[in-house]
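Here's a structure for you.
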Amino acid sequence: MYMDNLQQEVAKRLKAASAFSLCPLDGRYVGIATSLWPYFSTFALQAHRTVVEVEWFIALTEQLSSSDILKEYDPEMNLILRSISEEFSLDDFEEISDIEKETNHDVKSVEIFLQRRFKALGLEKFTSFIHFGCTSEDITNLAYGLMIKSALNDVIIPEMEAVSEKIYDFAHEYASTPMLAHTHGQKATPTTVGKEFMVYASRLSEVIENLKCIPIYGKFNGATGNYSADSVAFPEENWPEIAEDFVTGHIGLEFNPVTTQIEPHDYICEICDAVRHFNNILIDFDLDMWLYISMDYFKQIPVKGEIGSSTMPHKVNPIRFENSEASVWFSNAVLLALSDKLPRSRMQRDLSDSATMRNLGMALGYSLQAIRQTLGGLKKVEVHTDVIENDLDNSWEVLAEPIQTMMRKYGMSEAYNTLKEMTRGKDISQEDILKFVASLSFLSAEDKETLSRLTPATYIGYAAYIAEE
């Protein structure tokens, strides 16, 4: 549509205005605004409303056979009419904005703008069929549906997949790299670096697939959802059928046939909840990465020219994971507000949903910022194998679990307590383990050999398999 022609110009304007922005998405993080303005800016909303209005007029010329006026319309004009929305410009937006200063109505301003364009094209006799039988929400809900669908498919889901795939890459690369696990912040049964990454990659991927499956709905049934005005003007027409064909065929959304004046926004709530779920997994990953970096399990790769502290020259801070964490909190706060508010509307409608919907870009923008920061953080870390190996070598007490489990195999009911007495809260060496294993005379030679050869680094079960598969 209009995006390709205007992207660079808008990016320049956003950069110039960023010094005076109230929200960091339009200032410090201006790249986020540049990515999302084609979908959630006021400009984008008016451009998509123009798309819907033009397509509705064209649909009427195809479907409304009982209209004598529309029979005179030449279908060859469709291409020219569609160019109005496809080439929607900043000048067009400013014209609509000037009209709105007089009308104080954003949708009516789009209608008047199109009436002017029709007259300039010699189509004045057809202007009465612009916005025919529509309430503003018929136009607006489809515009938002298009914006949300495009934003998810073009930007949000691909970025989600990018960070998920980067985590998958780590999982596969370090599938067999042993690492001491920690439960309750204490030493626990070893795992592998790759397996722990695979946990997050798998969780994120599942949410992404669920998000892809959420249908995006649209309504087109008039002021209170009953096609009342349409059926009075043209009672012989099947308006529910015309509306469904328009929403699914011309606009490309799922049709919601039962609504009040507004589409109830339930699908938007599902999308908000899915993105919030993704965010929560992402912040869980950010926190783990922060902890692993603080433990020196991961080294951060210094970037030439960057400064970690204004007073401590040695610092390389995990700022990208911290930034992601902060961005998730803001995204989730707005997503939760949207999900809680949008399903509620007084009787057949009130205007509160309209004001609420304008914050979709902020909610998804902060999520996008979080994703990009996490991805940036992952590109600047590497596994610190020396530290991980040293930690394993100093954690022989974690072998209390396999030893007591092997003893249970032979019917030793007090195996757990025996190993608890031996290891809990104590520093245990390899010699201590080997000496204890040697004392277990009831073990078969094979099982004794298994325990004698076991080390914290080899006690990883199926971790490598899970990470690889």
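The values are calculated or read from the model by the stated rules, or taken from the named source; none is laboratory data. Predicted, not measured: the structure shown is a model, and the values here were computed from it. With ideal geometry, Cβ positions are generated from the backbone for all residues, glycine too; neighbour counts draw on all protein chains shown. When the accessible area is computed, the model is the full protein with side chains, heavy atoms only, and any ligands, DNA or RNA have been set aside. Shrake-Rupley method; radii C 1.70, N 1.55, O 1.52, S 1.80 Å.
When the Kirkwood radius is taken over all Cα pairs of segment 345-469, what Stokes-Einstein diffusion coefficient follows at 20 °C and 1.002 mPa s, in µm²/s?
The calculation lands on 110 µm²/s.
Using 0.36 nm times the number of residues separating residue 431 and residue 105, minus their current alpha carbon distance, what extension gain do you get?
109.2 nm
Here's another thing I want to ask about it. Give the ranking of 105, 277 by solvent-accessible surface, highest area first, calculated with a 1.4 Å probe.
Sorted descending by solvent-accessible area, the residues read 277, 105.
How much FRET efficiency would the formula 1/(1 + (r/R0)^6) give for residue 394 and residue 28, where r is the Cβ-Cβ distance and R0 is 41 Å, rounded to 0.05?
0.45
While we're here: Would you mind checking 299/380; 149/212; 212/379; 187/379 for any pair whose Cα atoms are more than 19 angstrom apart? Please report the intermediate quantities before stating the final value.
Values: 299/380 8 Å; 149/212 10 Å; 212/379 27 Å; 187/379 28 Å.
In this structure, 212/379; 187/379 lie more than 19 Å apart at Cα.
Tell me, what ³J(HN,Hα) does each residue in segment 399-412 have, in order and in whole Hz, if you take phi through Karplus 6.51 cos²θ - 1.76 cosθ + 1.60 with θ = phi - 60° and put x for Gly and Pro?
7, 4, 5, x, 5, 5, 5, 5, 5, 4, 4, 9, x, 7
With every protein chain in place, what's the accessible area of residue 149 (1.4 Å probe, Å², nearest 10)?
70 Å²
What accessible surface, in Å², does a 1.4 Å probe find on residue 199, ignoring ligands, DNA and RNA and rounding to the nearest 10?
The value for residue 199 is about 60 Å².
Quick check: with the 1.4 Å probe, what order do 184, 172 take by accessible area, largest first?
Descending accessible area places them as 184, 172.
May I pose another question? With a 10 Å radius around each residue's Cβ, average the other Cβ atoms per peptide and rank 413-422, 440-449, highest first. List each step's numbers first, then the result.
Values: 413-422: 13.8, 440-449: 12.1.
Output ranking for 413-422, 440-449: 413-422, 440-449.
Which whole-number percent of Cα pairs in segment 43-115 have a distance greater than 22 Å? Display every interim value, and only then the final one.
Details: 730 of 2628 pairs.
So the portion of pairs separated by more than 22 Å is 28 percent.
Sticking with this one: Residue by residue through segment 250-262, which ³J(HN,Hα) values in whole Hz follow from phi under the Karplus form 6.51 cos²θ - 1.76 cosθ + 1.60 (θ = phi - 60°), with glycine and proline marked x?
7, 9, x, 10, 6, 9, 9, x, 10, 8, 8, 5, 10
Still on this model: Lysines near residue 125 by alpha-carbon distance under 29 Å, same-chain residues fewer than 8 away left out - which ones?
71, 101, 108, 219
Simple spin-label model, 7 Å along Cα-to-Cβ: residue 453 to residue 205 in nm?
3.2 nm
Residue by residue through segment 348-364, which ³J(HN,Hα) values in whole Hz follow from phi under the Karplus form 6.51 cos²θ - 1.76 cosθ + 1.60 (θ = phi - 60°), with glycine and proline marked x?
Per-residue couplings from phi come out as 7, 3, 9, 8, 5, 5, 5, 5, 5, 4, 5, 9, 4, x, 5, 4, 6 Hz.
Can I ask one more? Kirkwood hydrodynamic radius, segment 204-294, all distinct C-alpha pairs: what's the number in Å?
It is 15.9 Å.
For residue 298, list long-range residues whose amide hydrogen, built 1.01 Å from N in the peptide plane, is under 5 Å from its own amide hydrogen.
Answer set, sorted by chain and number: 293, 384.
Tell me which label goes with the value of Rg/Rh (Cα atoms, Kirkwood Rh) computed from the coordinates here: (i) 0.98; (ii) 1.06; (iii) 1.15.
(iii)
Given the alpha-carbon gyration tensor of segment 85-196, what are the semi-axes of its equivalent ellipsoid in whole angstrom, ordered largest first, with each equal to the square root of 5 times an eigenvalue? If you can, show how the numbers build up before the last one.
Numbers: eigenvalues 650, 44, 29 Å².
Equivalent ellipsoid semi-axes, largest first: 57, 15, 12 Å.
Let me ask something additional. Report the full-extension gain for the segment residue 288 to residue 359: residue separation times 0.36 nm, less the Cα-Cα distance, to one decimal in nm.
Here the answer is 22.6 nm.
Sticking with this structure for a sec: Computed over the Cα atoms of segment 162-222, what is the convex hull's projected area averaged over all directions, in nm²?
Over all viewing directions, segment 162-222 projects a mean Cα-hull area of 6.6 nm².
Also: At a probe radius of 1.4 Å, what is the per-residue accessible area of residue 349, in Å² to the nearest 10?
Surface accessible to solvent at residue 349 totals approximately 60 Å².
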